[in-house]
Amino acid sequence: MENQNRSGTAGKAIRCKAAVCRNPGEPLMIEEIEGPFAFFPMIFGHEAVGVVESVEEQVEEFQEGDMVVPVFRPNCRECRDCKSQKGNGCSIFGGELVPAMPRDKTSRFKGMNGETLYHFLSVSSFSEYTVVDVVNVVKISPEFPVDKACLLSCGISTGIGAAWKVADIEEGSTVAIFGLGTVGLAVAEGARLRGASKIIGVDLNQEKIEIGKQFGVTEFINPTTCGEKRISEVIKEKTDGGADYCFECIGLASLMEDAFNSSRVNWGKTVILGLEMHRTPLPVNTSLLLRGRSVTGCLFGGLKPKSDIPFLAQKYLHKELNLDGFITHEVGFGDINKAFDLLLEGKSLRCIIRMD
(Lines give C-alpha, C1' and ligand atoms only; values in the text may rest on other atoms or scores of the structure.)
Protein backbone atom coordinates (compact mmCIF):
# COMPACT_ATOMS: atom_id res chain seq x y z
CA MET A 1 0.00 0.00 0.00
CA GLU A 2 1.30 3.43 -0.87
CA ASN A 3 0.93 6.61 1.22
CA GLN A 4 2.59 9.41 -0.74
CA ASN A 5 0.65 12.60 -0.03
CA ARG A 6 2.77 15.38 1.39
CA SER A 7 2.03 18.96 2.39
CA GLY A 8 3.19 21.66 4.79
CA THR A 9 1.28 20.33 7.77
CA ALA A 10 4.07 19.59 10.25
CA GLY A 11 2.81 20.04 13.81
CA LYS A 12 -0.80 20.53 12.69
CA ALA A 13 -3.86 18.29 12.90
CA ILE A 14 -4.30 16.67 9.47
CA ARG A 15 -7.72 16.12 7.94
CA CYS A 16 -7.72 13.24 5.48
CA LYS A 17 -9.64 10.20 4.27
CA ALA A 18 -9.31 6.78 5.90
CA ALA A 19 -10.99 3.38 5.52
CA VAL A 20 -12.65 2.91 8.91
CA CYS A 21 -14.03 -0.36 10.31
CA ARG A 22 -16.93 0.63 12.58
CA ASN A 23 -18.15 -2.84 13.53
CA PRO A 24 -16.76 -6.39 13.21
CA GLY A 25 -17.55 -7.99 9.85
CA GLU A 26 -18.86 -4.82 8.22
CA PRO A 27 -17.36 -3.32 5.02
CA LEU A 28 -14.84 -0.54 5.47
CA MET A 29 -16.20 3.00 5.07
CA ILE A 30 -14.19 5.80 3.46
CA GLU A 31 -14.52 8.71 5.89
CA GLU A 32 -12.85 11.98 6.69
CA ILE A 33 -10.84 11.81 9.89
CA GLU A 34 -8.56 13.97 11.99
CA GLY A 35 -5.61 12.91 12.98
CA PRO A 36 -6.08 -4.60 20.42
CA PHE A 37 -8.26 -6.14 18.00
CA ALA A 38 -11.59 -5.76 19.86
CA PHE A 39 -11.52 -1.95 19.80
CA PHE A 40 -13.88 -0.25 17.36
CA PRO A 41 -14.09 1.96 15.41
CA MET A 42 -10.61 1.16 14.11
CA ILE A 43 -8.44 2.02 11.12
CA PHE A 44 -7.00 -1.22 9.74
CA GLY A 45 -3.97 -1.80 7.52
CA HIS A 46 -0.43 -2.84 8.44
CA GLU A 47 1.39 -3.45 5.11
CA ALA A 48 2.31 -0.17 3.50
CA VAL A 49 4.89 2.22 2.16
CA GLY A 50 4.82 5.96 2.62
CA VAL A 51 6.78 9.18 2.61
CA VAL A 52 7.62 10.95 5.88
CA GLU A 53 5.53 14.09 6.12
CA SER A 54 6.96 15.36 9.42
CA VAL A 55 8.85 14.15 12.52
CA GLU A 56 8.96 15.24 16.15
CA GLU A 57 11.97 17.32 17.20
CA GLN A 58 13.71 14.52 19.12
CA VAL A 59 13.58 12.08 16.18
CA GLU A 60 16.96 11.88 14.44
CA GLU A 61 16.62 8.65 12.44
CA PHE A 62 14.18 10.06 9.87
CA GLN A 63 13.57 13.29 8.08
CA GLU A 64 10.85 14.73 5.86
CA GLY A 65 10.77 13.08 2.46
CA ASP A 66 12.23 9.71 3.50
CA MET A 67 10.57 6.65 1.96
CA VAL A 68 9.62 4.29 4.77
CA VAL A 69 7.93 0.98 5.44
CA PRO A 70 5.88 0.65 8.66
CA VAL A 71 6.01 -2.64 10.57
CA PHE A 72 3.96 -4.10 13.41
CA ARG A 73 7.05 -5.63 15.05
CA PRO A 74 8.86 -2.92 17.06
CA ASN A 75 12.63 -2.61 16.88
CA CYS A 76 14.10 -0.03 19.26
CA ARG A 77 17.69 -1.33 18.81
CA GLU A 78 18.52 -0.33 22.40
CA CYS A 79 17.03 -3.03 24.66
CA ARG A 80 18.52 -6.42 25.52
CA ASP A 81 16.20 -8.28 23.14
CA CYS A 82 16.83 -5.97 20.19
CA LYS A 83 20.59 -6.28 20.69
CA SER A 84 20.45 -10.06 20.92
CA GLN A 85 20.79 -12.23 17.81
CA LYS A 86 18.67 -14.98 19.41
CA GLY A 87 15.31 -13.48 18.45
CA ASN A 88 13.49 -10.42 17.14
CA GLY A 89 11.50 -9.28 20.13
CA CYS A 90 11.68 -5.87 21.80
CA SER A 91 11.57 -5.89 25.60
CA ILE A 92 10.55 -2.22 25.76
CA PHE A 93 7.79 -1.98 23.17
CA GLY A 94 7.04 -5.57 22.19
CA GLY A 95 5.27 -6.88 25.26
CA GLU A 96 1.83 -5.36 24.88
CA LEU A 97 -0.26 -4.82 21.75
CA VAL A 98 -2.34 -1.69 22.24
CA PRO A 99 -4.80 -0.01 19.83
CA ALA A 100 -2.97 3.30 20.21
CA MET A 101 0.51 4.81 20.20
CA PRO A 102 2.92 2.59 22.17
CA ARG A 103 4.40 5.23 24.45
CA ASP A 104 1.44 7.22 25.80
CA LYS A 105 -1.29 4.68 24.90
CA THR A 106 -3.45 7.34 23.23
CA SER A 107 -4.90 7.48 19.74
CA ARG A 108 -3.87 10.00 17.09
CA PHE A 109 -7.12 9.59 15.13
CA LYS A 110 -10.61 10.91 15.64
CA GLY A 111 -13.72 11.10 13.47
CA MET A 112 -15.25 14.37 12.38
CA ASN A 113 -17.75 14.09 15.25
CA GLY A 114 -14.87 13.90 17.73
CA GLU A 115 -15.01 10.18 18.47
CA THR A 116 -11.77 8.26 19.03
CA LEU A 117 -10.66 5.94 16.22
CA TYR A 118 -8.29 3.21 17.33
CA HIS A 119 -4.94 2.16 15.85
CA PHE A 120 -4.28 -1.28 14.34
CA LEU A 121 -0.97 -3.09 14.97
CA SER A 122 0.80 0.25 15.53
CA VAL A 123 0.42 1.10 11.82
CA SER A 124 -3.17 1.86 10.60
CA SER A 125 -2.14 2.29 6.98
CA PHE A 126 -5.65 2.40 5.48
CA SER A 127 -5.42 6.17 5.66
CA GLU A 128 -3.93 8.93 3.54
CA TYR A 129 -1.89 9.93 6.59
CA THR A 130 -0.96 7.90 9.64
CA VAL A 131 1.14 8.40 12.77
CA VAL A 132 3.73 5.72 13.58
CA ASP A 133 6.27 5.47 16.38
CA VAL A 134 9.92 5.51 15.33
CA VAL A 135 10.33 1.90 16.52
CA ASN A 136 7.70 0.74 14.02
CA VAL A 137 9.09 2.24 10.83
CA VAL A 138 12.03 1.38 8.56
CA LYS A 139 13.79 3.60 6.03
CA ILE A 140 13.98 2.20 2.48
CA SER A 141 16.44 3.14 -0.26
CA PRO A 142 14.96 5.70 -2.69
CA GLU A 143 16.14 3.36 -5.47
CA PHE A 144 13.52 0.83 -4.45
CA PRO A 145 10.29 0.95 -6.55
CA VAL A 146 7.63 2.48 -4.35
CA ASP A 147 4.88 0.22 -5.67
CA LYS A 148 6.79 -2.86 -4.47
CA ALA A 149 8.08 -1.60 -1.10
CA CYS A 150 4.82 -2.31 0.73
CA LEU A 151 5.37 -6.02 0.07
CA LEU A 152 8.22 -6.01 2.59
CA SER A 153 6.03 -4.73 5.40
CA CYS A 154 4.79 -8.07 6.79
CA GLY A 155 3.69 -11.29 5.06
CA ILE A 156 6.43 -11.83 2.49
CA SER A 157 9.19 -10.82 4.90
CA THR A 158 7.66 -13.20 7.46
CA GLY A 159 7.83 -16.18 5.11
CA ILE A 160 11.33 -15.51 3.84
CA GLY A 161 12.58 -14.82 7.34
CA ALA A 162 11.10 -18.07 8.63
CA ALA A 163 13.03 -19.97 5.95
CA TRP A 164 16.29 -18.07 6.41
CA LYS A 165 16.54 -17.06 10.05
CA VAL A 166 14.26 -19.40 11.99
CA ALA A 167 14.73 -22.67 10.07
CA ASP A 168 18.05 -21.65 8.51
CA ILE A 169 17.45 -23.97 5.54
CA GLU A 170 20.62 -25.31 3.98
CA GLU A 171 21.30 -26.39 0.41
CA GLY A 172 19.86 -29.79 -0.50
CA SER A 173 17.19 -29.75 2.24
CA THR A 174 13.66 -31.09 1.86
CA VAL A 175 10.85 -28.72 2.79
CA ALA A 176 7.08 -29.11 3.28
CA ILE A 177 4.84 -26.05 3.44
CA PHE A 178 1.27 -26.28 4.72
CA GLY A 179 -0.73 -23.45 3.15
CA LEU A 180 0.30 -21.69 -0.04
CA GLY A 181 -1.02 -18.24 0.65
CA THR A 182 1.36 -15.28 0.53
CA VAL A 183 3.28 -16.34 3.65
CA GLY A 184 3.60 -19.96 2.53
CA LEU A 185 4.74 -18.96 -0.96
CA ALA A 186 7.28 -16.61 0.62
CA VAL A 187 8.62 -19.56 2.61
CA ALA A 188 8.96 -21.41 -0.70
CA GLU A 189 10.81 -18.45 -2.21
CA GLY A 190 13.18 -18.43 0.75
CA ALA A 191 13.73 -22.18 0.47
CA ARG A 192 14.37 -21.85 -3.27
CA LEU A 193 16.98 -19.20 -2.72
CA ARG A 194 18.67 -21.40 -0.10
CA GLY A 195 18.93 -24.25 -2.61
CA ALA A 196 16.39 -26.70 -1.16
CA SER A 197 16.27 -29.86 -3.27
CA LYS A 198 12.56 -30.54 -2.77
CA ILE A 199 9.84 -28.04 -1.82
CA ILE A 200 6.44 -29.64 -1.24
CA GLY A 201 3.38 -27.39 -1.14
CA VAL A 202 0.21 -28.56 0.65
CA ASP A 203 -3.04 -26.77 -0.17
CA LEU A 204 -6.69 -27.44 -0.99
CA ASN A 205 -6.68 -24.97 -3.89
CA GLN A 206 -5.59 -26.69 -7.11
CA GLU A 207 -4.81 -23.30 -8.67
CA LYS A 208 -1.85 -23.07 -6.32
CA ILE A 209 -0.04 -25.72 -8.38
CA GLU A 210 1.01 -23.29 -11.12
CA ILE A 211 1.33 -20.35 -8.75
CA GLY A 212 3.63 -22.34 -6.49
CA LYS A 213 5.99 -23.17 -9.34
CA GLN A 214 6.78 -19.44 -9.69
CA PHE A 215 8.24 -19.50 -6.18
CA GLY A 216 10.11 -22.79 -6.28
CA VAL A 217 7.46 -25.35 -5.23
CA THR A 218 8.55 -28.62 -6.84
CA GLU A 219 5.65 -30.86 -5.76
CA PHE A 220 2.03 -30.22 -4.79
CA ILE A 221 -0.26 -32.21 -2.52
CA ASN A 222 -4.00 -31.68 -2.14
CA PRO A 223 -4.93 -33.53 1.08
CA THR A 224 -8.34 -34.45 -0.34
CA THR A 225 -6.64 -36.62 -2.97
CA CYS A 226 -4.56 -38.69 -0.55
CA GLY A 227 -7.24 -41.34 -0.06
CA GLU A 228 -6.87 -43.21 3.22
CA LYS A 229 -3.29 -42.08 3.71
CA ARG A 230 -2.48 -39.32 6.14
CA ILE A 231 -0.74 -36.31 4.66
CA SER A 232 2.26 -37.05 6.88
CA GLU A 233 2.58 -40.52 5.35
CA VAL A 234 2.54 -39.08 1.84
CA ILE A 235 5.22 -36.53 2.71
CA LYS A 236 7.40 -39.16 4.37
CA GLU A 237 7.22 -41.27 1.20
CA LYS A 238 8.26 -38.30 -0.92
CA THR A 239 11.15 -37.31 1.36
CA ASP A 240 12.61 -40.67 2.37
CA GLY A 241 11.38 -40.55 5.95
CA GLY A 242 10.18 -37.00 6.53
CA ALA A 243 10.94 -33.44 5.54
CA ASP A 244 13.93 -31.67 7.06
CA TYR A 245 11.81 -28.58 7.57
CA CYS A 246 8.02 -28.19 7.82
CA PHE A 247 6.13 -24.90 7.95
CA GLU A 248 2.52 -24.34 9.03
CA CYS A 249 1.19 -21.14 7.47
CA ILE A 250 -2.59 -21.39 8.06
CA GLY A 251 -3.31 -21.27 11.77
CA LEU A 252 -4.98 -24.62 12.56
CA ALA A 253 -3.76 -26.88 15.35
CA SER A 254 -4.63 -29.95 13.28
CA LEU A 255 -2.35 -28.78 10.47
CA MET A 256 0.37 -27.91 12.95
CA GLU A 257 0.20 -31.50 14.17
CA ASP A 258 0.31 -32.78 10.57
CA ALA A 259 3.36 -30.62 9.88
CA PHE A 260 5.14 -31.90 12.98
CA ASN A 261 4.35 -35.52 12.09
CA SER A 262 5.66 -34.92 8.56
CA SER A 263 9.10 -33.91 9.80
CA ARG A 264 12.04 -36.28 9.90
CA VAL A 265 13.00 -38.20 13.03
CA ASN A 266 16.37 -37.13 14.52
CA TRP A 267 16.48 -33.58 13.16
CA GLY A 268 13.19 -32.51 11.60
CA LYS A 269 12.19 -28.96 12.48
CA THR A 270 8.64 -27.58 12.34
CA VAL A 271 8.09 -23.82 12.22
CA ILE A 272 4.67 -22.43 13.14
CA LEU A 273 3.76 -19.17 11.38
CA GLY A 274 -0.03 -19.34 11.51
CA LEU A 275 -1.93 -17.83 14.46
CA GLU A 276 -4.30 -20.58 15.67
CA MET A 277 -7.70 -19.17 14.76
CA HIS A 278 -9.65 -21.21 17.34
CA ARG A 279 -7.09 -21.02 20.16
CA THR A 280 -6.84 -24.80 20.09
CA PRO A 281 -3.76 -26.21 21.88
CA LEU A 282 -1.15 -28.03 19.82
CA PRO A 283 -1.08 -31.76 20.63
CA VAL A 284 2.48 -33.05 20.42
CA ASN A 285 3.73 -36.57 21.11
CA THR A 286 6.58 -35.89 23.52
CA SER A 287 8.29 -39.17 22.66
CA LEU A 288 8.83 -37.77 19.17
CA LEU A 289 10.49 -34.69 20.66
CA LEU A 290 12.87 -36.98 22.50
CA ARG A 291 13.84 -38.49 19.15
CA GLY A 292 15.22 -35.22 17.84
CA ARG A 293 12.25 -33.48 16.28
CA SER A 294 11.59 -29.88 17.28
CA VAL A 295 8.83 -27.32 16.88
CA THR A 296 9.11 -23.55 17.17
CA GLY A 297 7.02 -20.49 16.45
CA CYS A 298 7.95 -17.08 15.13
CA LEU A 299 6.60 -13.59 14.56
CA PHE A 300 7.70 -11.64 11.51
CA GLY A 301 9.90 -14.55 10.49
CA GLY A 302 12.45 -13.82 13.18
CA LEU A 303 13.52 -10.70 11.28
CA LYS A 304 14.79 -7.54 12.94
CA PRO A 305 12.98 -4.90 10.85
CA LYS A 306 15.57 -2.11 10.96
CA SER A 307 18.37 -4.26 9.55
CA ASP A 308 16.68 -7.15 7.76
CA ILE A 309 14.09 -5.29 5.66
CA PRO A 310 16.80 -3.16 3.95
CA PHE A 311 18.70 -6.42 3.37
CA LEU A 312 15.67 -7.94 1.60
CA ALA A 313 15.26 -4.73 -0.39
CA GLN A 314 18.82 -5.10 -1.67
CA LYS A 315 18.13 -8.71 -2.64
CA TYR A 316 15.25 -7.48 -4.77
CA LEU A 317 17.30 -4.69 -6.36
CA HIS A 318 19.94 -7.29 -7.23
CA LYS A 319 17.18 -9.32 -8.96
CA GLU A 320 17.57 -12.24 -6.55
CA LEU A 321 14.21 -11.98 -4.80
CA ASN A 322 10.86 -12.46 -6.54
CA LEU A 323 8.42 -9.85 -5.21
CA ASP A 324 6.55 -8.99 -8.39
CA GLY A 325 4.89 -12.41 -8.55
CA PHE A 326 3.00 -11.73 -5.33
CA ILE A 327 1.07 -8.80 -6.83
CA THR A 328 -2.11 -10.18 -8.34
CA HIS A 329 -4.44 -7.15 -8.25
CA GLU A 330 -4.54 -3.38 -7.82
CA VAL A 331 -7.49 -1.23 -6.70
CA GLY A 332 -8.07 2.40 -5.83
CA PHE A 333 -8.65 3.51 -2.24
CA GLY A 334 -12.38 3.85 -2.81
CA ASP A 335 -12.58 0.19 -3.85
CA ILE A 336 -10.77 -1.12 -0.78
CA ASN A 337 -13.50 -3.63 0.07
CA LYS A 338 -12.97 -5.31 -3.31
CA ALA A 339 -9.48 -6.17 -2.10
CA PHE A 340 -10.95 -7.98 0.89
CA ASP A 341 -13.44 -9.81 -1.33
CA LEU A 342 -10.62 -11.03 -3.60
CA LEU A 343 -8.69 -12.28 -0.58
CA LEU A 344 -11.66 -14.11 0.91
CA GLU A 345 -12.44 -15.70 -2.45
CA GLY A 346 -8.90 -17.05 -2.71
CA LYS A 347 -8.23 -15.05 -5.88
CA SER A 348 -5.59 -12.70 -4.54
CA LEU A 349 -2.13 -12.95 -3.02
CA ARG A 350 -1.39 -9.28 -2.57
CA CYS A 351 -3.64 -6.50 -3.84
CA ILE A 352 -2.02 -3.07 -4.04
CA ILE A 353 -4.32 -0.29 -2.79
CA ARG A 354 -3.37 3.00 -4.40
CA MET A 355 -4.18 6.07 -2.34
CA ASP A 356 -4.15 8.34 -5.39
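Under 5 Å from the amide H of residue 117 lie the amide H atoms of 109, 110, 111, each residue being 5 or more positions distant or on a separate chain, with H modelled from the backbone and absent for Pro and chain starts. The apolar share of the surface of the chain, taken as the fraction of accessible area on carbon and sulfur atoms (1.4 Å probe, ligands and nucleic acids excluded), comes to 50 percent.
Out of every Cα pair in the stretch 118-238, what percent are spaced more than 16 Å from each other? It works out to 67 percent of all Cα pairs. Taking the average, over residues, of other Cβ atoms within 10 Å as the packing measure, peptides 117-125, 212-220, 290-298 rank 117-125, 212-220, 290-298 from highest down.
In the full protein assembly as shown, how much of residue 338 is accessible to a 1.4 Å probe, in Å² to the nearest 10? Accessible surface of residue 338 is approximately 110 Å². According to the Kirkwood expression over distinct Cα-Cα pairs, how big is the hydrodynamic radius of the stretch 121-164, in Å? Value: 12.2 Å, from the Cα pair sum.
The residue among 302, 190, 220 whose Cα reaches farthest toward the positive pole of the charge dipole of the stretch 155-302, with charges on the beta-carbon of Lys, Arg, Asp and Glu, is 302. Heavy atoms of the protein chains alone define the surface here; on that basis the chain has 48 Å² accessible area per residue at 1.4 Å probe size. Using only the alpha-carbon atoms of the stretch 291-356 as identical scatterers, what base-10 log of I(q)/I(0) does the Debye formula give at q = 0.27 Å⁻¹? The computed values of log10 I(q)/I(0) come out as -1.03. The fraction of all Cα pairs in the stretch 257-311 landing in successive 10 Å bins from 0 to the largest distance is 21, 41, 26, 12, 0, given as whole percents.
Peptide packing for 177-190, 160-173 was compared via the average number of neighbouring C-beta atoms within 10 Å per residue; ordered from the highest value, the list is 177-190, 160-173. Between amide H atoms placed 1.01 Å from N, distances below 5 Å from residue 246 occur with 176, 269, 270, 271, all of them 5 or more places distant or on a separate chain. Peptides 127-138, 195-206 ranked from most to least packed give 127-138, 195-206, packing being the mean of other C-beta atoms within 10 angstrom over each peptide's residues. 3J(HN,Hα) couplings calculated from phi for the stretch 292-301 with the Karplus curve 6.51 cos²θ - 1.76 cosθ + 1.60 (θ = phi - 60°) are, in sequence order, x, 6, 9, 9, 9, x, 7, 10, 6, x Hz; Gly and Pro show x. Couplings 3J(HN,Hα) for the stretch 52-60, derived from phi with the Karplus relation 6.51 cos²θ - 1.76 cosθ + 1.60 (θ = phi - 60°), are 4, 8, 6, 9, 6, 4, 7, 7, 10 Hz, where x marks Gly and Pro.
Taking a ≥ b ≥ c as the square roots of the Cα gyration tensor eigenvalues, the stretch 155-302 comes out rounded, since a/c falls below 1.5. Taking each of 213/315; 148/208; 86/208; 139/347; 213/347; 238/269 in turn, the alpha-carbon distance tops 28 angstrom for 86/208; 139/347. Per residue of the chain, the DSSP helices (runs of n ≥ 4 H) give a summed -39500 (n - 2.57) that works out to -5500 deg cm²/dmol at 222 nm. Take the alpha carbon atoms of the stretch 305-331, find their center, do the same for the stretch 181-232, and report the distance between the two centers in whole angstrom. Here the answer is 21 Å between Cα centres. Here the Karplus curve 6.51 cos²θ - 1.76 cosθ + 1.60, taken at θ = phi - 60°, turns the phi angles of the stretch 62-74 into couplings of 10, 9, 4, x, 5, 8, 9, 10, x, 9, 6, 8, x Hz, with x standing for Gly and Pro.
Gyration tensor analysis over the Cα atoms of the stretch 245-337 returns equivalent ellipsoid semi-axes of 32, 20, 12 Å (largest first, whole Å).
The values are calculated or read from the model by the stated rules, or taken from the named source; none is laboratory data. Since we're looking at a predicted model, the values are computed, not measured. Methodologically, a virtual Cβ is constructed for each residue, glycine included, from the backbone with ideal geometry; neighbour enumeration extends over all protein chains shown. Accessible surface areas use protein heavy atoms only, side chains included; no ligands, DNA or RNA. Shrake-Rupley method; radii C 1.70, N 1.55, O 1.52, S 1.80 Å.
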